[in-house]
Amino acid sequence: MDEVSATEPDPGAGDAEHGVIQTRGLTKRYRGGQLAVDGLDLTVPAGSVFGFLGPNGSGKTTTIRMLMGLIEPTSGTARLLGRPMPRASRAVLPHVGALIEGPALYGFLSGKDNLLRYDAADPTADPRTRRARVAAALDRVGLTAAAGKKAKAYSLGMKQRLGLAAALLQPRRLLVLDEPTNGLDPQGMREIRSLVRELASDGTTVFLSSHLLDEIEQVCTHAAVMAQGRLITQGAVADLAAGARGRLVVTTPDTGDAARVLKEQGVADVVVAEDRVTAEPPEGELAELNAALVTAGVRVRGFVVERASLEDAFVALTGEGFDVAG
Amino acid sequence: MSRAETPMRQAGAEPPEVAAPGAVRAPSPLWTFGLLRNELVTTFRRWRTLALLGVLAAVPVLVGIAVKIETRDGSSAGGGGGAGPAFIAQITNNGLFLVFTALAATLPFFLPMAIGVVAGDAIAGEANAGTLRYLLVAPAGRSRLLLTKYATVMAFCLVATLVVAVAALIMGALLFPLGELTTISGTRISFADGLGRALLIALVVAASLTGIAALGLFISTLTNSGIAAMATTVGLLITVQILDQIPQLHALQPYFFSHYWLSFADLMREPVYWDNLVNNLGLQALYAGVFGSAAWARFTTRDVTA
Ligand SMILES: Nc1ncnc2c1ncn2[C@@H]1O[C@H](COP(=O)(O)OP(=O)(O)O)[C@@H](O)[C@H]1O
Ligand SMILES: [Mg+2]
């Protein structure tokens with residue numbers, strides 16, 4: 001798996017055209033017969049913060065393992081920084097920092113010694129700058145004070161930070177973070193998110209998997225949605241949310257009348273629920289619709305178009321929740 | 001959600017010696033040994049490694065004290081006959097024989113068991129802890145990591161053997177006289193010559209362990225449980241040692257990795273009797289080749305999901 005020399009020309013020279021990560025028909029069937037990833041075509045643009053969204057068991061970690069050369073795809077191809085994986089591991093991986101399925105540390109070593117070991121494992125890492133880089137990485141994740149403590153005495157949040165520090169030992173072109181906020185308290189989550197934003201503003205492409213929609217919505221510029229090993233959709237977060245249209249919501253005690261008037265006005269998909277009537281927002285002027293309701297004697301207490309969130313998009317796309325027909 | 005609320009450091013504050021992205025320079029070929037150095041330091045700093053070495057050092061100490069107590073009245077150790085480990089009867093005359101006795105006493109079980117623990121845990125232990133995936137994405141390189149692990153296990157073989165030999169030498173010097181010694185063939189050799197042979201014997205004993213080291217490393221690539229790999233390796237050692245005693249299996253016995261282990265005693269003959277020594281070293285090389293290749297074939301193609 002390491003026949004490609006680390007001294008080959010700069011990997012990823014063609015990031016712009018091909019994407020920092022590009023997979024074609026990527027498929028993994030585990031030895032137990034479980035089809036974990038099924039024909040994945042993923043393109044991650046350079047410079048994006050790319051959210052890889054899917055419920056637990058949808059194949060996110062499996063995809064990341066294939067991208068990082070830890071497991072062999074059953075079929076299909078994966079390219080990282082424009083180079084084929086796992087063949088080009090040695091040339092590509094020094095440019096990639098990764099957190100995969102949570103941190104893994106040597107409990108009997110101090111935080112600093114853990115990082116020294118991971119850095120020594122990278123044959124391109126200059127031993128003359130090793131200590132300085134380890135200190136800088138520890139500082140960056142706020143662990144300088146705990147650097148000398150044995151890793152087994154670290155809290156989960158500290159372990160997660162140390163894992164992130166390992167991904168930041170060298171300047172990276174790509175960071176692959178598999179559920180980096182898993183198990184953290186809200187404060188820890190905020191810290192990780194702001195670190196991700198900070199790294200992205202340095203120009204590093206960040207590939208971030210998560211099963212939390214709001215996380216993706218808060219930090220990502222692009223997203224892909226996975227369900228049961230299949231890619232449902234991918235694109236810019238704004239486009240994805242726009243793809244799921246908002247809902248017109250009328251709050252009124254006269255739901256029957258309101259629904260009738262809306263239908264008369266040509267509004268589609270009218271649904272009555274308790275004291276709310278929801279519908280697909282029409283193309284025309286909303287004020288006229290409201291006027292029509294009022295004219296018909298409907299006591300309108302609320303009249304809004306609720307903006308679609310990524311969650312709506314997700315629900316619509318995966319067919320979970322109300323929109324079962326999807 | 002402002003950045004001010006986080007203790008994490010702001011971007012662009014790395015020290016100046018950190019290169020710009022994409023400017024990773026061609027590594028010096030020597031840098032590849034950084035992992036080996038780190039692996040050696042990590043292994044020998046582990047509490048478990050030190051405990052194993054401590055147990056090994058205790059064997060010659062106990063044997064020395066036992067012989068001293070047993071021979072207080074002037075009788076010879078081992079009842080003067082063939083009982084007990086090789087050379088034990090000569091310790092009272094010359095403390096240097098404690099080195100040979102201690103090696104003969106630890107080679108059948110203690111030494112290979114310690115090797116089995118370290119070798120069995122080498123890959124499986126990293127897989128178990130999940131650290132294997134981070135070493136691989138570093139990227140350590142699978143072949144490089146496996147070679148590093150094997151080299152470290154071999155270094156442990158050497159250190160473990162030397163610990164037994166040195167502890168025995170110190171104990172022998174403290175409790176018994178030192179001086180000229182008699183070889184198995186009955187000739188006399190100087191103490192310096194004897195010391196040289198003791199060192200040679202220690203090296204041969206260490207080399208005798210390369211077979212089980214390769215076997216343990218191979219087993220270590222098969223599983224994600226360090227404990228299972230250690231137990232399997234040590235279990236195999238015990239099984240082979242038992243089978244080596246069953247006369248009906250004599251046709252197979254020359255292929256057991258432990259079959260020629262005690263041939264190191266032939267270095268104490270004058271002239272040295274080489275046949276079994278050569279057989280032993282050849283057999284160890286065969287095991288290292290076969291199981292080293294098997295470990296490589298397995299490790300470079302396996303899915304690392306732990
Ligand atoms: N090592 C493995 N062997 C067999 N099946 C696995 C293995 N790892 C994961 N799976 C299965 O593959 C599917 C996808 O898992 P995973 O990639 O971990 O999903 P996610 O990271 O999105 O939660 C799940 O059904 C899971 O049970
Ligand atoms: Mg996962």
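The values are calculated or read from the model by the stated rules, or taken from the named source; none is laboratory data. Predicted model, so just to flag it, every value in this text is computed and none were measured. Note that we place each Cβ from the backbone using ideal geometry, even for glycine, and neighbour counts take in every protein chain shown. Heavy atoms of the whole protein, side chains included, go into the accessibility calculation; ligands, DNA and RNA do not. Shrake-Rupley method; radii C 1.70, N 1.55, O 1.52, S 1.80 Å.
Among the residues of the stretch B:139-154 satisfying the criterion of being open to solvent by less than 30 Å² (accessible area, probe 1.4 Å) and among the aliphatic types (A, V, I, L, M), which is farthest from the other protein chains (Cβ to nearest Cβ)? Across the stretch B:139-154, the extreme among qualifying residues is B:V153.
Let's see how each residue does on (1) more than 16 Å from ligand 2 (Cβ to nearest atom); (2) in a helix (DSSP H, G or I); (3) open to solvent by less than 50 Å² (accessible area, probe 1.4 Å):
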residue: A:A223; (1), (2), (3): yes, no, yes
residue: A:Q234; (1), (2), (3): yes, no, no
residue: A:A259; (1), (2), (3): yes, yes, yes
residue: A:K263; (1), (2), (3): yes, yes, no
residue: A:G266; (1), (2), (3): yes, no, no
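Tell me, which residue of the stretch B:247-304 that is without any contact (Cβ under 8 Å) to a residue 60 or more places away in the chain and within 14 Å of another protein chain (Cβ to nearest Cβ) is surrounded by the fewest Cβ atoms within 10 Å (Cβ to Cβ)? So, considering only residues that are without any contact (Cβ under 8 Å) to a residue 60 or more places away in the chain and within 14 Å of another protein chain (Cβ to nearest Cβ), the one surrounded by the fewest Cβ atoms within 10 Å (Cβ to Cβ) is B:T301.
Scanning the stretch A:97-125 for residues that are farther than 23 Å from B:R45 by Cβ and more than 7 Å from chain B (Cβ to nearest Cβ) yields A:G97, A:L99, A:E101, A:G102. Would a scan of the stretch A:56-72 turn up a residue that is away from ligand 1 (no atom under 14 Å from the Cβ) and either in a strand (DSSP E or B) or β-branched (V, I, T) (or both)? No, the stretch A:56-72 contains no residue that is away from ligand 1 (no atom under 14 Å from the Cβ) and either in a strand (DSSP E or B) or β-branched (V, I, T) (or both).
Taking the stretch A:59-79 only, how many residues are more than 10 Å from chain B (Cβ to nearest Cβ), among the basic types (K, R) and within 16 Å of ligand 2 (Cβ to nearest atom)? Selection size over the stretch A:59-79: 1.
Only one of the numbered conditions (1) on the phi < 0 side of the Ramachandran plot; (2) open to solvent by less than 20 Å² (accessible area, probe 1.4 Å); (3) within 16 Å of ligand 2 (Cβ to nearest atom) is not met by A:A120, and that is (3). Within the stretch A:86-93, does at least one residue satisfy the condition of being among the polar types (S, T, N, Q) and either within 16 Å of ligand 1 (Cβ to nearest atom) or touching a Ser or Thr at 6+ places or on another chain (Cβ under 9 Å) (or both)? No, there is no match, as no residue in the stretch A:86-93 is among the polar types (S, T, N, Q) and either within 16 Å of ligand 1 (Cβ to nearest atom) or touching a Ser or Thr at 6+ places or on another chain (Cβ under 9 Å) (or both). Here A:V134 meets each of (1) under 17 Å from B:W31 (Cβ atoms); (2) within 26 Å of the chain's Cα centre (by Cα); (3) more than 8 Å from chain B (Cβ to nearest Cβ) with one exception, condition (2).
Would it be correct to say that B:G95 is at pLDDT 90 or above and of a type in the set (G, A, S)?
Numbers: at pLDDT 90 or above: no; of a type in the set (G, A, S): yes.
When the stated conditions are applied, B:G95 does not pass them.
Figure legend. Inter-residue proximity from the stretch A:155-173: first residues under 13 Å from A:A104 (Cβ atoms), second residues hydroxyl-bearing (S, T, Y), beta-carbon distance below 7 Å, spacing 6+ or different chains. Indicated pairs: A:L162/A:Y154; A:A166/A:Y118; A:A166/B:Y134.
Considering only residues that are surrounded by fewer than 17 Cβ atoms within 10 Å (Cβ to Cβ) and either more than 16 Å from ligand 2 (Cβ to nearest atom) or without any contact (Cβ under 8 Å) to a residue 24 or more places away in the chain (or both), which ones fall in the stretch A:208-217? Listed by number, the list holds a single entry, A:D214.
The set of residues from the stretch A:31-58 being over 16 Å from the mean Cα position of the chain (by Cα), away from chain B (no Cβ under 14 Å) and of a type in the set (D, E, K, R) comprises just one member, A:D38.
Criterion first (in a loop (DSSP other than H, G, I, E, B), farther than 30 Å from A:D214 by Cβ, away from chain B (no Cβ under 14 Å) and away from ligand 2 (no atom under 16 Å from the Cβ)) does A:G148 satisfy it? When the stated conditions are applied, A:G148 passes them.
In the stretch A:236-257, the residue that is most open to solvent (accessible area, probe 1.4 Å) out of those that are modelled with pLDDT of 85 or more and of a type in the set (G, A, S) is A:G256.
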